[in-house]
1. All but one of (1) modelled with pLDDT of 85 or more; (2) closer than 19 Å to B:E65 by Cβ; (3) under 25 Å from the mean Cα position of the chain (by Cα); (4) within 11 Å of chain A (Cβ to nearest Cβ) hold for B:T351, so report the exception by its number.
2. Check B:V74, B:V99, B:V90, B:V53 and return the single one that is touching a residue at least 24 places away in the same chain (Cβ under 8 Å) and outside the structural domain of B:E318 (by TED's automatic domain parsing).
3. Would you be able to say whether some residue in the stretch A:33-50 is touching a strand residue (DSSP E or B) at 6+ places or on another chain (Cβ under 8 Å), farther than 25 Å from B:G234 by Cα, polar (S, T, N, Q) and touching a residue at least 40 places away in the same chain (Cβ under 8 Å)?
4. With respect to B:L356, determine if the residue is surrounded by fewer than 21 Cβ atoms within 10 Å (Cβ to Cβ) and either modelled with pLDDT of 80 or more or away from chain A (no Cβ under 14 Å) (or both).
5. For the stretch B:97-106, what are the residues that are among the polar types (S, T, N, Q) and not in a loop (DSSP other than H, G, I, E, B)?
Amino acid sequence: MSEVLLQQIEKLAAEAKAKSTQLRKGETMVEVDQTQLKNFVKRLVKETLARHLSTITGLDLGQNIGIIYHFWHERNTIHVKTTVPKEKPTAFSIVDIVPGAILYEMEIHDMFDVEFIGNPWMDRKLLLPDTWPKDLPPPLLKTSKPAEIRKRLGLEVERK
Amino acid sequence: MSEEQGKTSRKEESAGLMKYSAENLVPFGPIHPALKEPEYFKLVLEGEKIVEVIPRIGYVHRGLEKAAESRPWVQNMYMFERTCGICSFVHSLTYGQAVEGLTIYEVPRRAKFIRTIVAELERIHSHLLWVGLMGHWAGFETLFMWVWRDREVVLDLVEAISGNRVHKSMNAFCGVRKDMPSGMEDRIVERMKFLADRANYYKQIVDTEETMLERTEGLGKISPDTAEELCAVGPMARYVGLRRDIRLNDPYAAYDEVPFDIVTRSEGDVHALLKLRLDEMIVSANIVSYAVQHLPDGPIRVKIPPVIPAGEHSSHSEAPRGEIFYYVKSSGGRTPERVKSRQPTMANLPTALEILKGQTIADVPVVLTAIDPCFGCMDRMSFLDIESNRQWTWFGEELRQYGLNYYFPGRAKKR
């Protein structure tokens, strides 16, 4: 079972000109270009059994922001990784392919300020307070400091 | 702003309201963070019927993922255990598994069995808690009292094994911190038999008791395809017949050595969820009994260095509410580069929003409880009737009374 799935994924990755690496047994990382991502996820969900999306992770990679989609089936985990530039972080939403991804995309929108084109709920916040200042960097970037956030939000506790 | 512009913006505003002209917008929550976990739902109503639900969470977001980046690997394990006050053990277990995957060390077999025992005890306790609350919201207080009494049996066992009732702090990297106390096998097996008997009895009750039948049968229906598309996990996937359980699909701890089968149901309503969770308790009780009787000898822990090699790894396991997922990335230092944690309620929220559509206000507490969320959202509800501009607020108890009156008008009057 797992052999078939791995072959399918390698075939899909080759067709999307993506780099596929076996991290360890049962764990594959596929690095897909942002333009190819939507097509790749669509084929992954429609043509293979790995249709359950566990979550989407955002990563601060210095110049870029990494977005990893974690899919799994039985004993195989497939991480689909893509990057978007930090200056203009826009990505394509996969909500029309995997409707369950809507909240995960909103979470990354809150925490990394990545705009997902096609997600209908990009205009509202999910986790951050509505009063979050616009000029404050998104909280999960390495450059944003918890002390500064606390100060700006008026959460600083005076120590005696 | 010129007069012309003012007119257009007012026009747009009224057009926005027109969208909901025949419908009411009901803000649902948020609530008292000190007591329960708050969530906020904006319910769009058409008379009594819910047509759309808009979620807003994050009222108790504590920034654990950010905090993890500045703390040592070991410290994070006990911090992530404090994510939840019900299923705490499974958080540290999954985080631990993700980190262990980056090292070359193996978890000893005895430690795997102890992890399985504690995880299953936690599942029984969580499911009992849920069944009790379900009884409370449906208006069957006796069930609540009985079930929570039985829950003490599990909590006592957990306390005897780990020293704590809720935050067990049993896990360590590549092992567990405490060994099983000796001479407890018979006691655990006997208690597990008692709990399985009770679960069987409760199954009989929920099948015959009118209150439960009326409040739960045929409620919260969803098709298996929709549940799969919305990435439902745990009991919310199994109650429509999807065989999705990490214990079986991708065994961790000692689940590949313990004989068991998962429970699925096909009815796909809240009543099926009740019976599913009660059945799961029996399965868990059997797993605990088996694991205790077949506990292997050997070390319980391997000490590992505080620096974790560079790399990335993910791990998932089956919490009482469904799949818990952790992703860790290490750059070879004493602190993680990134930790991502995803809780089952977050994964089940899209499914909950879907099944709430088409329900009445009176059913909101029962349907929302059905996904086993953190019930904070029911603390207070305020209502806004757009047509008459009337606004009112209900507290959780008033909402519960409304639900009870809706279903059992005569009985409520008697009280």
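1. So B:T351 meets the others, but not (2).
2. B:V53
3. yes
4. Considered against the rule, which asks whether it is surrounded by fewer than 21 Cβ atoms within 10 Å (Cβ to Cβ) and either modelled with pLDDT of 80 or more or away from chain A (no Cβ under 14 Å) (or both), B:L356 comes out as no.
5. B:Q97
Okay, residues lined up against (1) touching a residue at least 60 places away in the same chain (Cβ under 8 Å); (2) of a type in the set (G, A, S):
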{"residue": "B:T216", "(1), (2)": "yes, no"}
{"residue": "B:A237", "(1), (2)": "yes, yes"}
{"residue": "B:D256", "(1), (2)": "no, no"}
{"residue": "B:T264", "(1), (2)": "no, no"}
{"residue": "B:H271", "(1), (2)": "yes, no"}
{"residue": "B:D279", "(1), (2)": "yes, no"}
{"residue": "B:V288", "(1), (2)": "yes, no"}
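Residue-wise test of (1) closer than 30 Å to A:G100 by Cβ; (2) surrounded by 16 or more Cβ atoms within 10 Å (Cβ to Cβ).
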position	(1), (2)
B:E159	no, no
B:R165	no, no
B:D179	no, no
B:E190	no, no
B:Y201	no, no
B:V206	yes, yes
B:E209	no, yes
B:L219	yes, yes
B:E228	yes, yes
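Here is a yes/no grid of residues against (1) at pLDDT below 75; (2) closer than 16 Å to B:R342 by Cα; (3) in a loop (DSSP other than H, G, I, E, B):
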site: B:L45; (1), (2), (3): no, no, no
site: B:E52; (1), (2), (3): no, no, no
site: B:V60; (1), (2), (3): yes, yes, yes
site: B:S70; (1), (2), (3): no, no, yes
site: B:Q75; (1), (2), (3): no, no, no
site: B:F80; (1), (2), (3): no, yes, no
site: B:C84; (1), (2), (3): no, yes, yes
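The values are calculated or read from the model by the stated rules, or taken from the named source; none is laboratory data. Source: prediction; values computed, not measured. No Cβ is skipped: glycine too gets one built from the backbone with ideal geometry, and neighbour counts run over all protein chains shown.
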